[in-house]
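Beneath this line is the structure, given in C-alpha cells, with notes to follow.
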Amino acid sequence: MDDAIGVAIAIIVAGVFAGLLLKGIDRKLAAFMQSRIGPPIAQPIYDILKLMQKQTIIPATSVRWLFTGAPLVALTSSIVLLLYISLSYVCYIIGLQSPVQGDLIVIIYLILIPSIASISGAFASGSPYASIGAQREMVILMSTELPIAVVVLSIAWHVADSMYNPFALQSLFEYTLWHQAGAFGILGGILLFLAMILVLPAEMSKVPFDQAEAETEIAEGVMVEYSGKLLAFLLLTDAFKALSLSALIVILFFPYTFTDLFGLTFSIGGYSITPLVEIIFFSGKVVIIYSIGVTVIRVIMARLKISQVAKVFLFAVSAISIIGMVLIMLDPKMKMI
Amino acid sequence: MKSDITYPLNIGPIHPAFKEPIKFTFRIEGEKVVGTDIDFGYTHRAIERIAQERNYIQIIYLLERVCGICSFSHPMAYCLAIEDVAGIEVPPRARYIRTIIGELERLHSHLLWTGVAAHEIGFDTLFMYTWNIREKVLDCLEELTGNRINYAMLTIGGVRRDITADNAQTIHQVLEYYEELYNRTSEILLDDLTLRARTEGVGILTVEQAERLCAVGPTARGSGLMKDVRVDYPVNAYYEIPWLRPVSPRDIGKEPIGDVYDRMAVRVLEIQQAIKIIQFCMDNLPEGDINTGSGAVKMINALKKVEGEGVGRYEAPRGEVCHYVILDNQEHPVQIKVKAPTYSNGFTWAPMLTNIEIADIPIVVASIDPCVACADRMAYVLKDGSSGTISWEELRAKSIQKYKGVRKRWMMR
C-alpha cells in the first residue's frame, strides 16, 4: 500500500514532464511532416515555466470565482484521471499489488470533467469568442459520448464472459480484448480501435476537431481570456489529458507488456531492471498512439465545421463503434468461457 | 430550430484570421450569420496625397508600397497611365519583360493566397507546402530584379533591368519546377476531401450579383463572369498571345456557381496559365532596347511639358487595378487616384457572408484575396482625433471643394 502511494506520487511528477514531452514530440513530428524545423521537444515545458512567471489578467466582465476556479478543477480532475487510468497498470507492469482496480465507468465520467471545467471557465470569462468556443466544445463533448460509451461497454461485455470483474481496468491486463478472438472479434476490435483513435483528436481539441479553439475563427476560443498561471494550468490539463487518453487506448487495446510478448527479463548486477524496461515500452506505445491519433490526423486534414463534426461523430464514428460491438458479440469463440 | 435571439460578434480590427486590420460586425443567430457590417480605414496611409508631392519617378517606388504583394501591378498601372497621357512608346522587349515579371508576380501571389486560405481552414500542412514551393519563384524574382517583393523593375517607358541569358536559364528552370509540381498541387487543392467539405457551396456569389457589384479578377471569374483586363483591354505583350482568354471553372469541367471552391479553382488554373504565358514570352522575347533611353531627369523634364489625364488598367493577381492621373505642367501629377481590386471586390462580401456559419467567415473573407491596405484610400477623422460617420452628400461636397482647382481646368474643356 505504501509502495502504491509512492508510485502514485511518482506518476504525478513524471506525468507533468511526460505529458508535456508528449506534446513536444507531437509538435516536432508535425513540423517534420510539414518540412519545418519545429520547436525543441522541451518547448511545452519552457512554455509552462514562462507562463508561471507571467501576470495573470482577469477580465473585468468575468465571473471571478468561476473563471479562476475552472482551470484548477480541470487540472485536479485531469490528474485524478491520469492516476485512475495508469496507477493499476503501472503497478501491474512493475509487479506491485495495486490498491485500485480502475473502474471504467468512473473513467468515462472523469474524461468529461476537464472539458466541463473549461466550458464553465469560458462562459464565465464574458468573451463572445469564448462563448462560441464553449458552445462548440459542448457539441463535441455530447457527440463523442456515444462512441466512448460503446467502446468501453463492448470491452466490458467481452470481459464479462470471463471470471474477471467486467468494469475493472485491471481485468483487461489479464483478459485482453484479443483474447480468444476469432475473425469477427479481431475485425470488431479493429473497428473499436478506429473509433477511439477518431475520438482522441476530438477530446484533445486538435484539427480536424479543434473548433472549440479554432485559432483563425474565434482566436483560441475557450482559452482566449486566460493568461499567466491560469493558462499554464489549462496547458498542463491538456498535457495530462493527452497522456491519460493515450494510455487508456493503450490499456484497452494493447496492454501486453514487454515480458508478455518476448518473455525476456533484464537485470544489472543482480537488480532487476525489468520494471524500467516495461515503463519505457509503455511510454513508447503511448507516443505511437498519440502520433497516429493526433499528429498524423491533424497534419493531413483541414478543420471541419461544427455541424460537420456532429455528423461525423453521431453517424460515422458511432456507426463504426456499434458495428464493432456487434461483431464482437457475434464472434462465436468469444462467447465461450 | 428557430430563435429570434441574435447577438453581435465583432471580428477585427485585429484578429488572427485577417492579415490586415479590417473590422467586421456580424449579427449572429446560433452559429449562423444574419447581418454584416464592414468597416475599412485602419491602414490609411495617404498614399495619394504623398504622391502629389513626389516627382514622376519617385512615385513609382511609392506606389510599389501600396500593397505588399501587388508591388508590380500598382506601378504598372501608374506607368501605363503616364505613358497614356504623354504618348510614350514602350519598346517591344520591355513590354515582354513587363509581362514576364507580372506573371511571375501572379504565380507567387496565387501560391501565397493558397497558403493563407489553407491556414484559414486549419490545413497548416498545405500552408507550409505552398509557401515552401513559393520560395522558388521568389528566388527567381530576386535574381531577375534584385528583390523578392518590391522589385523596382519598372520605369516610365520601359523596364530598368534586362533579362540576360543566365536569367533566361533560371526562368526556364523555375517553369520546369512548377510544371512538374502543378499536377500534384492542383490535385491536393481541387480533390482533397476536407478541403472540398469546407469550400464547396460556401460563400456563394451568383453571376448576377458579381455583375451588379462590379466584381473583378478571380472573384468575378469564379462566378462565371468572363472578365479579364489582360484579354478585354490588353497591354504589354498580352495582345500578342493568340490563345489568351479568361480562365473559368468550366476549364476543369465544372459549371461555376461562385462558391469558394470555384474561386480557388480559378486561381489554381491561373497558376497554370501564368506558366504558359511566361513560356510564350520567353520563346518570343524580341531583341532591342528595354526602355526609351532617357534618364530620370530627362523623363521628368519631358513630363513637365505635358498636360492631360491618363488612365492605366492592369490585371493584378486580385483583379483589375486602375490608376488615374492628371498632369498639369508640373514636376508631379496634380492628382492621382488608385483603384485597387479589393475596392471593387469588397462589396461582394455582403452577399457572400449572408447565411453562412461562423466557421466559414475566415475562408469566405479570404476567398476574394483581400488587400485591405490597397483599398484603404480614405479615413474620416474629426478634429478631436475620434472617427465619425460622413454622409454621401457631405463627402461629395468636400471632394468637390478639395479638387476645385483641378476641376476648373479639366471640367471646363
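Between the amide H of B:T36 and those of B:R27, distances stay under 5 Å, these residues lying 5 or more places away or on another chain, with hydrogens modeled in the peptide plane. You can think of it this way: the chain between A:I58 and A:I5 has 15.4 nm of extra reach, that is 0.36 nm per residue less the Cα-Cα gap.
Using a Förster radius of 41 Å, what is the FRET efficiency between A:Q101 and B:R196 based on their Cβ-Cβ separation? Nearest 0.05, please.
0.30
Taking every full run of DSSP H in chain B, the ones that stretch at least 18 Å from end to end by Cα along their long axis and average -0.5 or higher on the Kyte-Doolittle scale are B:73-86, B:92-120, B:124-145, B:260-283. Are any of the pairs A:K206/B:K276; A:K28/B:K136; A:K50/A:K311; B:K305/B:K402; A:K305/B:K19; A:K229/B:K19 more than 32 Å apart by Cα-Cα distance, and if so, which? In this structure, A:K206/B:K276; A:K50/A:K311 lie more than 32 Å apart at Cα. Label-to-label distance, B:I400 versus A:L261, with points set 7 angstrom from Cα along the beta-carbon direction: 8.5 nm.
A straight line joining the Cα centroids of the stretch B:197-212 and the stretch B:13-85 runs 23 Å. Counting Cα-Cα pairs of the stretch B:247-319 in 5 Å increments starting at 0 gives whole-percent bin shares of 3, 11, 13, 12, 14, 11, 11, 9, 8, 6, 2.
Long hydrophobic helices in chain A, taken as whole DSSP H segments with a C-alpha length of 20 Å or more on their own axis and mean Kyte-Doolittle hydropathy at least 1.6: A:104-125, A:183-203, A:228-253, A:274-290.
Here the average projected area of the convex hull drawn through the C-alpha atoms of chain B stands at 21.9 nm². Using a cut-off of under 20 Å, list every residue of the stretch B:303-347 whose amide N is near the label point 7 Å from the Cα of B:H44 along the Cα-to-beta-carbon line. Flagged as within label range: B:324, B:335-347. The label-point distance for A:L112 and B:T170, in a model that sets each label 7 Å from Cα toward Cβ, rounds to 6.3 nm.
By definition, a body whose alpha carbon gyration tensor gives a ≥ b ≥ c is oblate when a/c is 1.5 or more and a/b is not larger than b/c, and the stretch A:1-53 fits this oblate description.
Normalised radius of gyration (Cα atoms, divided by 2.2 N^0.38 Å) for the stretch B:191-289: 1.22.
At a Cβ-Cβ separation cutoff of 4.7 angstrom, cysteine residues of the protein assembly as shown with no neighbouring cysteine are A:C91, B:C79, B:C140, B:C214, B:C281, B:C322.
P(r) tail for the stretch B:75-125: Cα pairs beyond 13 Å make up 69% of the total.
Rounded to the nearest 0.05, the FRET efficiency derived from the C-beta distance between A:K311 and B:K305 at R0 = 51 Å is 0.15. For the stretch B:275-387, the square roots a ≥ b ≥ c of the C-alpha gyration tensor eigenvalues yield an a/c of 1.5 or more together with a/b not exceeding b/c, which makes the shape oblate.
In percent, rounded to a whole number, the relative contact order of chain B is 24, using alpha-carbon pairs under 8 Å and six or more apart. Reducing the stretch B:96-114 and the stretch A:109-173 to their Cα centroids gives an inter-centroid distance of 50 Å.
Using only alpha carbons, the stretch A:2-336 has a radius of gyration to Kirkwood radius ratio (Rg to Rh) of 0.97.
Shape summary of the protein assembly as shown, radius of gyration then Dmax from alpha carbon positions: 31.4, 107 Å. Ranked for footprinting exposure by Cβ neighbours inside 10 Å, fewest first, B:E142, B:E89 give B:E89, B:E142. Dividing the mean sequence gap of close Cα pairs (under 8 Å, 6+ apart) by how many residues chain A holds gives a relative contact order of 28 percent. Once the Cβ-Cβ distance of B:C214 and A:F254 is raised to the sixth power relative to R0 = 60 Å, the FRET efficiency obtained is 0.45. Per residue of the protein assembly as shown, what 222 nm ellipticity follows from adding -39500 (n - 2.57) for every DSSP H run with n ≥ 4, rounded to the nearest 500? After summing the helix terms and dividing by residue count, I get -18500 deg cm²/dmol.
I need the shape label for the stretch B:67-225. Rule: rounded when a/c is under 1.5, else prolate if a/b > b/c, else oblate, with a, b, c from the alpha carbon gyration tensor. Oblate, because a/c is 1.5 or more while a/b does not exceed b/c.
Packing, taken as the mean count of other beta carbons within 10 Å per residue, orders the peptides B:108-119, A:110-121, B:212-223 from highest to lowest as B:212-223, B:108-119, A:110-121.
The stretch B:365-385 and the stretch A:266-322 have Cα centres lying 47 Å from one another. Only aspartates and glutamates eight or more places from B:K304 in sequence, or on another chain, were considered; those with a Cα closer than 12 Å are B:D328, B:E331. Size descriptors for the stretch A:1-122: radius of gyration and Dmax over Cα atoms are 17.6, 53 Å.
Just so you know, all these numbers are worked out from the coordinates, no wet-lab data involved. Just so we're clear, the structure is a prediction, and the values are computed from it rather than from any experiment. Cβ sites come from the backbone with ideal geometry, for glycine too, and all protein chains shown count toward neighbours.
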